[in-house]
Amino acid sequence: MKFLETIGAYLLFMRRIFARPERRRVFFREMTNELEKLGLNSIVLVMIISFFIGAVLTLQTAYNMSNPLLPRYLIGYLTRETLLLEFSSTIVSLILAGKIGSNIASEIGTMRVTEQIDALEAMGVNSVSYLVGPKIAAALVINPALYVFSVFIGIIGGFLAGLSAGSVNYDDYINGLHFEFNPYYVTYSIIKTLFFALVFTSIPAFYGYNTRGGALEVGKASTRSVVDSSITILVVNLILTKILL
């Protein structure tokens, strides 16, 4: 029963975001700030993780293809497919759910316990739309861009690791990247990133907004938001994979 109450409260929370939006100038100003906070500050983290995961994928694939009958271009092919279909969309979003989600929950939760949100409501401001709307919009813009960036860096990491270890040569790796490329996989993954962006911004914002108590409760809300966002991303990933593929 508590689970259903939480779902209902979350849906009502989401409706408030679009019920009475802020003025366009205010919205885009806040959205610009959120693009930097949510996206630009995450690029280095995404770059480091994607580079090393791409390297590990290439090396593990090469070490497990000892059969001489298997063509070596499959190393590049499998690295590309893994990055396109799953890692750069789902795994990066899970990482961002921990980094961005905890920040959103703690930021809004702190505003709640320090009565800053009450002050906004007293001034007639739709606090949900003002605080959460720009964050969701910024995440919807930046998360697909981070996905493309992650794929690119992961492929470079795999390429450099494969060449340095002597596991694959340049021609085989490049041929593998081009082998049976399906552009729909990119579309499929970008659609997933849009849903994931909505999840790891709205759920932490919901928990932060409904925080009651003091600093201890803010920490608990931040933890719950990361856990629930991660689980929801995995569930949404399964549903979208079933529908889109």
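Here are the numbers:
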{"item": "Per-region count, the range 1-48, residues part of a helix (DSSP H, G or I) and closer than 17 Å to ALA138 by Cβ", "result": "25"}
{"item": "Filter result for THR211 (crowded, with 17+ Cβ neighbours inside 10 Å and under 30 Å from VAL113 (Cβ atoms))", "result": "yes"}
{"item": "Members of the range 21-53 found to be over 21 Å from the mean Cα position of the chain (by Cα) and surrounded by 12 or more Cβ atoms within 10 Å (Cβ to Cβ), listed by number", "result": "PRO21, GLU22, VAL26, PHE27, PHE28, ARG29"}
{"item": "Given (1) among the small types (Gly, Ala, Ser); (2) over 29 Å from ASP228 (Cα atoms); (3) surrounded by fewer than 21 Cβ atoms within 10 Å (Cβ to Cβ), number of the condition GLY8 does not satisfy", "result": "(2)"}
{"item": "Residues of the range 5-21 that turn out to be within 17 Å of ALA205 (Cα to Cα) and either touching a helix residue (DSSP H, G or I) at 6+ places or on another chain (Cβ under 8 Å) or modelled with pLDDT under 85 (or both), as a count", "result": "9"}
{"item": "Index of the failed condition, LYS135 passing every other in (1) farther than 17 Å from ASN33 by Cβ; (2) crowded, with 20+ Cβ neighbours inside 10 Å; (3) charged (D, E, K, R)", "result": "(1)"}
{"item": "Residues of the range 153-205 classified as among the hydrophobic types (A, V, I, L, M, F, W, C) and under 17 Å from the mean Cα position of the chain (by Cα), total", "result": "13"}
{"item": "Of the criteria (1) at pLDDT 90 or above; (2) among the aliphatic types (A, V, I, L, M); (3) touching a Phe, Trp or Tyr at 6+ places or on another chain (Cβ under 8 Å), which one VAL26 fails", "result": "(1)"}
{"item": "Test for GLY76: is it at pLDDT below 80 and under 26 Å from VAL148 (Cβ atoms)", "result": "no"}
{"item": "Exclusive hit being of a type outside the set (Gly, Ala, Ser) and either without any contact (Cβ under 8 Å) to a residue 60 or more places away in the chain or surrounded by fewer than 18 Cβ atoms within 10 Å (Cβ to Cβ) (or both), set LEU78, LEU85, LEU96, LEU69", "result": "LEU69"}
{"item": "Test: SER102 is among the small types (Gly, Ala, Ser), over 29 Å from ILE174 (Cβ atoms), modelled with pLDDT of 90 or more and within 15 Å of the chain's Cα centre (by Cα)", "result": "yes"}
{"item": "Residues of the range 59-102 classified as among the charged types (D, E, K, R) and within 17 Å of LEU194 (Cβ to Cβ), total", "result": "1"}
{"item": "Selected residue (only one of VAL151, VAL168 is over 16 Å from THR82 (Cα atoms) and aliphatic (A, V, I, L, M))", "result": "VAL168"}
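The values are calculated or read from the model by the stated rules, or taken from the named source; none is laboratory data. What you see is a predicted model, and the numbers here were worked out from it, not measured in a lab. Every residue, glycine as well, gets a Cβ built from its backbone with ideal geometry; the counts of neighbours run over all protein chains shown.
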